[in-house]
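Enquirer: Pasting in a structure now, in structure tokens, and then I'll have a few things to ask.
Every number in this text was worked out from the coordinates using simple rules, so none of it is lab data. On a predicted model such as this, the values are computed, not experimentally measured, just so you know. Don't worry about glycine lacking a Cβ; one is built from the backbone with ideal geometry, like all the others, and counts go over all protein chains shown.
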Amino acid sequence: MPFLDRLQHWAALQPDANAVTIGAERLSYAELRDRASMRARELVAQSSGGPTVLCRPNGLDFVVDFVAAVAGTGSVAVLDPGWPALQRSAVERMLRDAAASSPPDTPPAPADLRDGPPDSLFLYGFTSGTTALPKAFTRSRDSWQRAFSASSAWFDIGADDRVLAPGPLSASLTLYALAETLSAGAAFHTLPHFDVGDALDSVAHAAVTRIVAVPTALRLLGERGLSNAVDGSALTGIVSAGARLDGATLARVRTWAPRATVYDYYGAAELSFVTARRLDPGEHRTASPTAVGRPFPGVEVRVLDDAGQASAPGVTGTICVRSRLVSAGYAWGDDGSAFARVAGDHGGEWCTVGDQGHLDEAGELHFAGRRADMIVTSGHNVYPQEVEATLLSGLGVSPGSAVAQVVVTGVADARRGTLLVAAVLEEGSPDAPALTRSDLRTAAADLAAPKRPRGYYRLSELPLTGAGKISRRLLAAWITEGDPRVDRLD
């Protein structure tokens, strides 16, 4: 594992310091080292080759097994415990087949809770593909070691921090936060499952100094923290990732935790960090709603057109990156729609996941959308993230605004192929007037005609994945099936 040498260091220096707390359970650094060392020996004795498969809910056993599985030259495949049984079985079969087709040159050495060679693979992660079987990407130890060095400095994390990452450990955002926190010698906190009340209780009673979460979770924490008078003034850092940090969520978080530096970054599981932004206490953000920051330390970014040439400032193209933080590629599932080396780059250093965007004159990246999310309607390509950002901006995102979130998706339509629609979740004073279709149409006026939604809906809750991310596919299903959580605005 890329932080096991650091774990040994902290276990010797501060053996009784808190390493991991999950709900009511806790492990000190010495206890985590000792339990993981014992478990590593067991895994070596049980190994039949290939990565250790880890498919558990949040808990101390997950952490111990994760640390133990990647000791020395070991590797781990982290599966989502919420997957259907057939999907999990298919992935496990693929892992067995991959191990059988490329047996190691030498048998595994006796487990030692130390880092393996930098260029060796330690992690199999998974992202959605164009089929039911997730794509499996792999990472070398070196990619995370370099990422820890850059991220701990950028996000200013130290051994005195107490980091709350309330999402599932099977999600790459939370898993990386765990490893980054242990590498820094800080205390990591999470929950058996996400619960806003339990998360706020950790903030109030566990002296949490930092939160790492997706924007939807941060919005809930900020809103409930304010309404329940949970003091967030002790928070010094809030890190948002996994989706764009919208203005409404930012406003709520800044009101609840006024002393916190707010960080948000754009990236992908296969690419790691790409760009990032930092907002100090009292500092206001006036950038475009599509802006996602400047290149992360050690990362180069450029935007290419369809001919592979650099796009002019302001012109949308494919976002490409060059860094030492990217994954090693796919073990399987490479359908050509995601991670790839840039054609014509003979050094193979420039990579892309097909995301679209542009660089402005100042060198800041603007994110238009993921190619996989692109909606084709009446022959026009539309990125829902761009439409959502414009609608939010037009509706207003000041503190106390009735708008919490806008979600754009496509539903089947006989004439256009796909009909572009938008749904809004409203929160605020019960006395505030409800948004109308006219309000939303006015907010969409700044969009080009093909990008303006043709249908508008009101949500009673957000369509979310198990990791707390917006699911446009789920919203489309709700609309198609007449789900009561979504109502059409006439």
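Enquirer: So, R0 is 45 Å and r is the distance between the beta-carbons of Glu25 and Glu481; what FRET efficiency does that work out to, to 0.05?
Expert: So the FRET efficiency works out to roughly 0.70.
Enquirer: Restricting things to alpha carbons, tell me how big the range 1-127 is in terms of Rg and Dmax, in Å.
Expert: 15.1, 45
Enquirer: Now, a different point. For Gln46 and Ala100, FRET efficiency with R0 = 25 Å and r from the beta-carbon atoms, rounded to 0.05?
Expert: Rounded to the nearest 0.05, the efficiency is 0.90.
Enquirer: With label points built 7 Å along Cα→Cβ from the Cα atoms of Glu461 and Ser378, find their separation and express it in nm.
Expert: In this crude label model, Glu461 to Ser378 measures out at 3.5 nm.
Enquirer: Still on this model: What is the P(r) of the chain, as percent of Cα-Cα pairs per 10 Å bin from 0?
Expert: Reading upward from the zero bin: 4, 19, 29, 28, 15, 5, 0, 0.
Enquirer: Students often get this wrong: which residues of the range 252-281 have the backbone nitrogen under 19 Å from the point 7 angstrom along Cα-to-C-beta of Glu300?
Expert: What the label zone holds, given the 19 Å backbone N cut-off, is 271-276.
Enquirer: In addition: Report the one residue of Ala243, Pro384, Pro258 whose Cα lies farthest in the direction of the positive end of the charge dipole of the chain (charges on C-beta: Lys and Arg +1, Asp and Glu -1; origin at the Cα centre).
Expert: Result: Pro384.
Enquirer: Order these by the 10 Å Cβ neighbour count, fewest first: Cys320, Cys55. Intermediate values should be presented prior to the final figure.
Expert: Details: Cys320 25, Cys55 16.
Ranking Cys320, Cys55 by Cβ neighbours within 10 Å, fewest first, gives Cys55, Cys320.
Enquirer: Separate question: Among residues other than Ala68 whose Cβ falls under 10 Å from its Cβ, what is the net charge (Lys/Arg +1, Asp/Glu -1)?
Expert: Values: positive: Arg35, Arg39, Arg41; negative: Glu42, Asp65.
Cβ neighbours under 10 Å give a net charge of +1.
Enquirer: Here's a follow-up. What list do you get for Tyr457, Tyr330 if you sort them by fewest beta carbons within 10 Å? Walk me through the numbers on the way to the answer.
Expert: Numbers: Tyr457 22, Tyr330 18.
In increasing order of surrounding Cβ atoms, one gets Tyr330, Tyr457.
Enquirer: Of Leu359, Gly308, Ala331, which is farthest on the positive side of the dipole of the range 292-372, counting Cα position, with +1 on Lys and Arg Cβ, -1 on Asp and Glu Cβ, and the Cα centre as origin?
Expert: Result: Ala331, furthest along the dipole toward the positive end.
Enquirer: Starting from the Cα of Glu426, move 7 Å in the Cα-to-Cβ direction to define the label point; list residues of the range 442-474 whose amide nitrogen is under 15 Å from there.
Expert: Only 442-443, 456-461 pass the distance filter.
Enquirer: Could I ask something else about it? Label Ala362 and Ala159 with points 7 Å out from Cα along Cα→Cβ: what is the distance between them in nm?
Expert: For the pair Ala362/Ala159, the computed spacing is 3.8 nm.
Enquirer: Lys and Arg at +1, Asp and Glu at -1: add these up for the other residues within a Cβ distance under 15 Å of Pro313 and post the number. Intermediate results must be reported in sequence, preceding the final value.
Expert: Working: positive: Arg294, Arg302; negative: Asp305, Asp360, Glu361, Glu364.
Local charge sum for Pro313: -2.
Enquirer: When the dipole is taken about the Cα centre of the chain, and only Lys, Arg (+1) and Asp, Glu (-1) are charged at their Cβ, what size is it in debye, to the nearest 20?
Expert: Result for the chain is approximately 540 debye, rounded to the nearest 20.
Enquirer: Please state the shape class of the range 292-372: rounded when a/c is under 1.5, otherwise prolate if a/b exceeds b/c and oblate if not, all from the C-alpha gyration tensor. Write down the numbers at each step before the final one.
Expert: Values: a/c = 1.65, a/b = 1.44, b/c = 1.14.
Verdict is prolate for the range 292-372.
Enquirer: D for the range 4-291, whole µm²/s, Stokes-Einstein with Kirkwood Rh over alpha-carbon pairs at 4 °C and 1.567 mPa s: what number? Walk me through the numbers before you get to the answer.
Expert: Working: Rh = 19.8 Å.
The diffusion coefficient I find is 66 µm²/s.
Enquirer: Here is a further query. Within the chain, what percent of beta bridges assigned by DSSP are antiparallel, to the nearest 5?
Expert: Given both bridge residues lie in the chain, the antiparallel proportion sits at roughly 70 percent.
Enquirer: At 7 Å along Cα-to-Cβ for each site, give me the label-to-label distance between Ala204 and Met38 in nm.
Expert: 3.6 nm
Enquirer: In which sequence would Glu270, Glu25 go, from the one with the fewest C-beta neighbours within 10 Å to the one with the most?
Expert: Glu25, Glu270
Enquirer: Kindly work out what percent of the DSSP beta bridges joining two residues of the range 4-291 are antiparallel, to the nearest 5.
Expert: Values: 17 of 38 bridges.
Among the beta bridges of the range 4-291, antiparallel pairing accounts for roughly 45 percent.
Enquirer: How big is the antiparallel share of DSSP beta bridges in the range 225-276, given as a percent to the nearest 5? Mind dumping the intermediate values first?
Expert: Working: 4 of 8 bridges.
The answer is about 50 percent antiparallel.
Enquirer: Assuming a ≥ b ≥ c are the square roots of the Cα gyration tensor eigenvalues, decide whether the range 159-288 counts as rounded (a/c under 1.5), prolate (otherwise, with a/b larger than b/c) or oblate. Present the calculation step by step, with values, prior to reporting the outcome.
Expert: On the way: a/c = 1.42, a/b = 1.02, b/c = 1.38.
Rounded shape, in that the Cα axes give a/c under 1.5.
Enquirer: With r defined as the distance between the Cβ atoms of Leu86 and Arg454 and R0 fixed at 56 Å, what FRET efficiency is calculated, to the nearest 0.05?
Expert: Efficiency for this residue pair is about 0.95.
Enquirer: Pull out the extension gain between Asp334 and His284, defined as 0.36 nm times the separation in residues minus the alpha carbon to alpha carbon distance; nm, one decimal.
Expert: Gain in length upon complete extension: 13.9 nm.
Enquirer: When Lys and Arg each count +1 and Asp and Glu each count -1, what net charge do the other residues less than 14 Å away from Arg224, Cβ to Cβ, add up to?
Expert: Neighbour charge sum, excluding Arg224 itself: -4.
Enquirer: Counting only C-alpha contacts under 8 Å and six or more residues apart, can you give the relative contact order of the chain as a whole percent?
Expert: Relative contact order, the chain: 10 percent.
Enquirer: Let me ask another. Between Arg56 and Ala229, what is 0.36 nm times their sequence separation minus the Cα-Cα distance? Round to one decimal in nm.
Expert: Separation in residues times 0.36 nm, less the Cα-Cα distance, equals 58.9 nm.
Enquirer: Let me ask something additional. Can you give the calculated 222 nm mean residue ellipticity of the chain, where each DSSP H run of n ≥ 4 adds -39,500 (n - 2.57) and the sum is split over every residue, rounded to the nearest 500 deg cm²/dmol? Present the calculation step by step, with values, prior to reporting the outcome.
Expert: Working: 12 runs with 144 residues, N = 490.
Taken over the chain, the calculation gives -9000 deg cm²/dmol.
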